[in-house]
Amino acid sequence: MFTLVSGAYRYFTRLDEYNVLILGLDGAGKTTLLERIKHQATGVGGMAPEKIQPTVGVNIVKVHRQRRVVRFMDLGGQKDLRGIWSSYFGDSHAVLFVVDSASADRMEEAKGVLLDLARQTELEGVPVLVLASKQDVADVKALLAVKELVNSIADTLDGRDVRVLGASGIDGAGLHEAVDWLLSRMLENSPARPPATSSY
Ligand SMILES: Nc1nc2c(ncn2[C@@H]2O[C@H](COP(=O)(O)OP(=O)(O)O)[C@@H](O)[C@H]2O)c(=O)[nH]1
Ligand SMILES: [Mg+2]
C-alpha cells in the first residue's frame with residue numbers, strides 16, 4: 001500500500017526537465033534573447049539590453065510549460081570559450097543556435113560553428129532551432145540568408161528536426177513560437193533522450 005501511495009505521490013510531483021543549449025557566436029544576441037524569454041515566461045526580470053555584458057560563465061533560465069521545465073543554458077560564445085560547450089552536450093535535449101541576421105560578414109563563421117556542432121556525436125539526433133536574431137533591425141533578406149546557411153549544411157543536419165525562425169530579443173518577436181517548437185520536439189525525441197526528473 002505504502003509503495004502504491006508513494007508511487008502515486010512521486011508520479012504527481014514529478015517534474016520532467018529538458019535542457020536547451022543556447023549556442024552561437026559572441027554578439028549574436030543569445031543573452032538578450034534569454035533575458036526576453038525569462039521576461040515573457042515570468043513577467044518579471046529580464047535585464048535591460050544595455051546592461052547585458054559579454055557572457056563568461058553560463059546563464060541559466062528555467063521556464064515552466066505544461067508541467068515541464070525547460071532549462072535554457074546560455075554559454076559564452078567567444079572563440080576561446082567555445083571549448084567548454086562540449087561538456088554540456090551529453091545532458092542536452094536541444095540546441096538553440098543563434099545567428100545575428102544583421103551581420104552578413106559573420107555568416108560564414110556562424111556556418112562553420114553550426115557545422116561543427118552538427119558533427120558532434122554527443123549531439124546526434126537532438127532537435128536544432130536556428131534563430132535568426134535581431135529581426136527588428138535586419139532586412140527581409142537576412143532571414144533568407146540564414147535559411148540558406150542551414151540549407152547548405154542540410155546533409156550534415158539530416159536525420160534530426162531542424163527549423164529556422166526569425167526572432168528579436170528586443171521586441172520579443174518569435175520567442176513564444178521558439179519555446180513551443182523546442183518543447184514539442186524535445187517531447188517527441190524523449191524516447192531517444194529522456195528528460196531528467198526532479199520533484200516539486
Ligand atoms: N537590435 C537588436 N539588437 C540586439 C538584439 N539582441 C541583441 N542585440 C544587441 O547585440 C549585442 C550583443 O548581444 P548579446 O545578447 O550580449 O549577445 P551574446 O554575446 O550572443 O550573448 C548587444 O549590443 C545587444 O543589445 C536584437 O534582437 N535586436
Ligand atoms: Mg552572452
Item checked: Proximal lysine pairs, the chain, alpha carbons under 22 Å, eight or more residues apart or interchain -> 19
Notebook entry, point to check: How big is the chain by Rg and Dmax over its Cα atoms, in Å?
Noted result: 17.3, 65
Item checked: Karplus-derived 3J(HN,Hα), 6.51/-1.76/1.60, for each residue of the range 165-175, Hz, glycine and proline x -> 9, x, 7, 9, x, 8, 9, x, 4, x, 7
Check: So what's the back-of-envelope 222 nm ellipticity for the chain, counting only DSSP H runs of four-plus at -39500 (n - 2.57) apiece and dividing by all residues, rounded to 500?
Finding: -10500 deg cm²/dmol
Margin query: If packing is taken as the average number of other Cβ atoms within 10 Å across a peptide's residues, how do 53-65, 139-151 rank, most packed first?
Written below: 139-151, 53-65
Check: So for the chain: antiparallel DSSP bridges make up what percent, rounded to the nearest 5?
Finding: 35 percent
Notebook entry, point to check: Ser152 to Lys79: extension gain in nm, 0.36 nm per residue of separation minus the Cα-Cα distance?
Noted result: 24.0 nm
Item checked: Among 154-160, 106-112, 18-24, the order from most to least packed when residues are scored by Cβ within 10 Å on average -> 18-24, 106-112, 154-160
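Values quoted throughout were computed directly from the atomic coordinates according to the rules given, and no laboratory measurement underlies them. Just so it is clear, the structure is predicted and the values come from calculations on it, not from any experiment. Please note: Cβ atoms are built from the backbone with ideal geometry, for glycine as well, and neighbour counts cover all protein chains shown.
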